[in-house]
Amino acid sequence: MPPEFWTVIFPAVTATFLASIVEVVEAFTIVLAVGTTRGWRPAIAGTVAALGILALIVIILGPALQFIPINALQLFVGVLLLLFGMGWLRKAVLRSAGVLPMHDEIEAFAEESAELQSQTGAPKALQWIAGIAAFKAVLLEGLEVVFIVIAVGSGKGLLWEASLGALAACVLVLGVGAFIHKPLAQVPENTLKFGVGVMLSAFGVFWAGEGLGVDWPGADLILIVLAAAFLLVGIGLVRIARTRFERSTI
Amino acid sequence: MTIISDVFKELFKMFVADLRQTLAILGCVSFIAILLQKALVSPLAGGLLLALFCLVILAESVMRETRVRGQS
């Protein structure tokens, strides 16, 4: 096992796996609504087309980043990971504290189904619209997965490992979804978002720092300390925000 | 065309969940870069400051949103 397995490879693959579960669950809800409302042909066609485009983005963009000097790449990717990861962490903290409502897959499924059912026109046109709805949902949710795969994977040359993490999540969610045939409302989406936000923020600070020439003590091991700091501050913020929000709404 | 504009909107939303938080992070990284370039702090101190500022930015962003939502 390589020495950086627990400090770099494992967190990178875990982050892409968990982030992908969050996004694939959301995309699956829309695809399921399309499939149950307008049939599985447009749902599958839209999904496959979007997955093809997403795979193409990873295949083209991933290796292309290797031509950028490593310090510039680490700084660029680090800043993007900070913006993205801290955005997720902020939202997860606010949802956990009750300040923002939780994302509801059942509600999303009902809304999408109602919208598809309200459309009128020739059967072929309706099939096209349904296929485009599935395509758009998978493409938009998948963009975040692609970003995480490329960002987490490119910093340390772990593109394939990160892609495998995302692919495993896709297979797991689609397998479970196909089996139960309902929106996956039991998935603890916000907890996953919180965890991924913590990991990506830690990666962001680490790589932005490396790009700026920071000499981290313990090299990759500092990632664990950074993740612990974001986790503890996040948990603390949930408690403080919940108390203050409840007080202000009484 | 709607799909393309939705893709760009999604990309924007990915990195600008909260405009003030985004600007604060960019400002913080630039500030640390200047400190390190002018050798005003050691590389280790620069890293620790970066981590500390990011935690403060997160806390400020969460508490600001809590305050705004609590008042409305």
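The numbers here are math on the coordinates, done by the rules we state, and not lab data. Nothing here was measured: the structure is a model prediction, and the numbers come from that model. Cβ atoms come from the backbone with ideal geometry, glycine included; neighbour counts cover every protein chain shown.
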*Where Rh is the Kirkwood radius over the Cα pairs of the stretch A:93-250, the temperature 37 °C and the viscosity 0.692 mPa s, what D in µm²/s does Stokes-Einstein return?*
172
*asked:* So for the stretch B:18-71, averaging the separation of alpha carbon pairs under 8 Å that are six or more residues apart and normalising by length, what relative contact order in percent results?
replied: 44
*Within 10 Å of each Cβ of A:233-243, how many other protein chain Cβ atoms are there on average?*
3
*Centre separation in Å (Cα based) which lies between the stretch A:95-147 and chain B*: 29
*For chain A, modelled as a GNM with alpha-carbon contacts under 10 angstrom, which of A:151, A:162, A:108 fluctuates the most?*
A:108
_Relative contact order for chain A: what percent, with Cα pairs under 8 Å and sequence separation of 6 or more?_
41
*asked:* Give me the net charge for the shell around residue A:123: Cβ to Cβ below 12 angstrom, other residues only, Lys and Arg +1, Asp and Glu -1.
replied: +3
*Cα centroid separation, the stretch A:45-94 to the stretch A:11-30 (Å)*: 13
*Considering every pair of different Cα atoms, what Kirkwood radius, in Å, is found for chain B?*
14.3
_Nearest 10 degrees, 0 to 90: helix B:2-15 Cα axis against chain B principal axis_ = 30
*222 nm [θ] for the protein assembly as shown, helices only, -39500 (n - 2.57) per DSSP H run of 4+, per residue, to 500?*
-29000 deg cm²/dmol
_What is the sum of charges, Lys and Arg at +1 and Asp and Glu at -1, for the other residues whose Cβ falls under 13 Å from the Cβ of residue A:187?_
-3
*residue A:193: which aspartates and glutamates have alpha carbons under 20 Å from its alpha carbon, excluding same-chain residues fewer than 8 sequence positions away?*
A:23, A:26, A:104, A:105, A:107, A:141, A:144, B:10, B:18, B:60, B:65
*Grab the other residues whose beta carbon is less than 13 angstrom from that of residue A:166, score K and R as +1, D and E as -1, and report the net.*
-4
